[in-house]
Amino acid sequence: MFEWESSIRQRLGELLIQKGKLSMEQLDEALHIQLREGKKIGQILVEKHYVTVEDILDALSVQLNIERINLEQVQISEKVLKNIPIEISQKYDLIPFDEQDGSIYVAMSDPDNLLAVDDIRLITGKNVKKFIASGNDIKSAIERSYKKISGDQALEDLKKEYGIDIGKEEIAVSNAEVDNAPAVRLANSILSQAIEMKASDIHIEPFEEEVLVRYRIDGALMEHMVLPQSIYDAVSTRFKIIGSMDIAEKRIPQDGRIAMEFNGKDYDFRVSSLPTVYGEKIVMRILDKNAALVERGKLGFTDYENKLISRILKMPNGILLVTGPTGSGKTTTLYSFLSEMNTPDKNIITIEDPVEYMLNRINQVQVNSKAGLTFAAGLRSMLRQDPDVIMLGEIRDEETAQIAVRASITGHFVLSTLHTNDAPSSITRLIDMGIESYLAADAVVGIIAQRLVRRLCPHCKESYTPDEGEKELLKEYGVSTLYRAKGCKECNDTGYAGRRGIHEVLMMDTDLRNAIETGKTSDEIREIAIRGGMMTLFENCKTLVLEGETTTNELVKTVHGKD
């Protein structure tokens, strides 16, 4: 990380002392370590936690009279980047980002590396203007920027290889052609850029003259790339091959799975193809195997809701339901609960379709309908395995619901999901599935309805005065300031950065059980739950709007009308 010449080391230390960042005793100790181990002085100071990387960079900027640069806030020029091979950037821990007045602007973690400067000067034939950036920021920028260049170059190579006149010439693709380097590189680039941009899904959609590549980021689709229709067969077939799908079959939908390692982390892609008029649409759900293991404290529950959930999870038996639409984070929430309950004295078994994340010391079963292993069949077998806790991926039908209820009232704790709009309507859904009302009241111990709302980007959100319609929506007539999305480089110009959960947590009590057994409607059950302290999805989201964490647009889109 630090490669500074010995002539400035002492002066660097003195500068840090002058700035009050370092003591003389700490510098002396670091110098002794340097003599013994041969490490760089800056590296030693950071490893000993005497100073931060930022302190070192600030001191170097002053000492060498070289400007610091924040690569996250810089638009890196693809034209300049193409002139410097990635091997050079990685070798010297640098990245070129602009060209002005005949000089290449280069961010370096070691601005005193004359060999690196000479190499860039020889390659480009231009002068080099140096900037200081941290090694981690440079590595991230190299990964992000060269991946984009690689994808664009692969697309160009693919066009040249087939001699394509975009949008006019159709081509036939053989298996040998599918394995060519440009198609492979383009497919890999689409996958790796999606991971880099923290997308949850990739949509590849063929139309008459073009193919759209869109990423779903923070719940919203964003156009990322446009491919010529003429080369789509090569690219789509590549995805089907690595997803273990039948490349000869294009008339029926197919499912597949891709495993990939990126930056030392393992990812799975659930692949789905759907025949359309202009070709097969491919959608890939990105599964970060570590992303689901989120502590409950980071899921967005209020303190009151966390107390209720702690009481529910300690119950010896019963059903806990997590409800919400597809993509609302139900699986993440369930896995968080399972991890919390996963103690040596419990036998935990799950049955899922598919198994999305591997959990340590938990027995996980994959649904296989073709082989007869359905949710209901798997659940019946699981009950003969002496389980303490059972997790069902979803209660889909009457048979599964009946077995789950019987399991809960015979001493098992069951976690599962339902697709309902809110917590109270989950009860009526079970009853509609054929569960007797008295059994539903007895079996269910808690219901959590969940949604995800986008968070405003903290770097660019802007305040404004709400209009009368917004005050009426919020029932907050005295509110004078709200926040809205603007857009900047930090958030890909979306105005949002990440999502958080909002919930309504219903814990069963005597009043609710009586209401269910006497056939009350979901609206009546809802009123009883609210009187008992349940905060609705609307109220939870409204709180975030008033705190400036999200917007009224997100409120309306996600939960308006569910109060």
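The chymotrypsin sites (Phe, Trp or Tyr not before Pro) of region 436-499 meeting both criteria, a DSSP state outside H, G, I, E and B (loop) and at most 14 other C-beta atoms within 10 angstrom of the site's C-beta, are Y477.
Quantify how much of the Cα-Cα distance distribution of region 279-429 extends past 19 Å, in percent. The share of Cα pairs beyond 19 Å in region 279-429 comes to 54 percent.
Working from the pairwise distances between different alpha carbons, so that the mean of 1/r is found and then inverted, what is the chain's Kirkwood radius in Å? Walk me through the intermediate numbers first.
Details: mean 1/r = 0.0361 Å⁻¹.
Answer for the chain: a Kirkwood hydrodynamic radius of 27.7 Å.
For the chain, C541 stand unpaired, since no other cysteine beta carbon lies under 4.7 Å from theirs. Distance between the modelled labels on F207 and S103, one decimal in nanometres: 4.5 nm (7 Å Cα→Cβ projection). The Stokes-Einstein estimate for region 207-348, based on a Kirkwood radius over Cα pairs and taken at 4 °C with 1.567 mPa s viscosity, is a diffusion coefficient of 70 µm²/s. Per-residue ellipticity at 222 nm from helix content only, as computed over the chain with -39500 (n - 2.57) for each DSSP H run of at least four residues, stands at -12000 deg cm²/dmol.
Using packing as a proxy for protection, rank 191-199, 468-476, 123-131 so that the peptide with the highest average count of other Cβ atoms within 10 Å comes first. Display every interim value, and only then the final one.
On the way: 191-199: 18.9, 468-476: 13.7, 123-131: 16.2.
So the order, starting with the most tightly packed, is 191-199, 123-131, 468-476.
Could you give the length gained by full extension between E47 and V226, i.e. 0.36 nm per residue of separation minus their alpha carbon distance, to one decimal place? Walk me through the numbers before you get to the answer.
Numbers: separation 179, 0.36 × 179 = 64.44 nm, distance 4.56 nm.
Net length gain for the segment: 59.9 nm.
Using alpha-carbon pairs under 8 Å, 6+ residues apart, how would you state the relative contact order of region 287-423 in percent? It would help to have the intermediate numbers written out before the result.
Details: 203 pairs, mean separation 45.6, N = 137.
Rounded, it is 33 percent for region 287-423.
Working from label points 7 Å from Cα in the Cα-to-Cβ sense, the E261 to L383 distance is 4.4 nm. Compared with the alpha-carbon gap, the fully stretched path from L35 to D303 is longer by 91.2 nm at 0.36 nm per residue. Rolling a 1.4 Å probe over the heavy atoms of the protein chains gives region 60-126 an accessible area of 51 Å² per residue.
Looking at the chain only, what percent of DSSP beta bridges run antiparallel? Nearest 5 please.
On the way: 57 of 86 bridges.
Here the share of antiparallel DSSP bridges comes out near 65 percent.
Based on the Cβ-Cβ distance of D397 and I252, what FRET efficiency does E = 1/(1 + (r/R0)^6) give at R0 = 30 Å, to the nearest 0.05?
On the way: r = 24 Å, r/R0 = 0.80.
It comes to 0.80.
With a 1.4 Å probe rolled over the protein heavy atoms of all chains, the accessible area of R36, R11 falls in the order R36, R11, largest first.
Quantify, in whole percent, the carbon and sulfur part of the accessible surface of region 337-398 (1.4 Å probe; protein heavy atoms only).
Details: 1420 of 3250 Å².
Exposed carbon and sulfur together represent 44 percent of the surface.
Would you please classify the overall shape of region 440-563 from the alpha carbon gyration tensor, given that a ≥ b ≥ c denote the square roots of the eigenvalues, rounded means a/c under 1.5, and beyond that prolate means a/b larger than b/c while oblate covers the rest? In terms of gyration-tensor shape, prolate. With the convex hull drawn over the C-alpha atoms of region 412-463, the volume per residue is 121 Å³.
State, as an integer percentage, the relative contact order of the chain based on alpha-carbon contacts under 8 Å between residues 6 or more apart. Could you put the intermediate results ahead of the total?
Details: 961 pairs, mean separation 48.2, N = 563.
Value for the chain: 9 percent.
The values are calculated or read from the model by the stated rules, or taken from the named source; none is laboratory data. These figures come from a predicted structure and were not determined experimentally. Neighbour counts run over all protein chains shown; Cβ positions are idealised from the backbone, glycine included. Please note that ligands, DNA and RNA were not included when accessible areas were found on the heavy atoms of the full protein model with its side chains. Shrake-Rupley method; radii C 1.70, N 1.55, O 1.52, S 1.80 Å.
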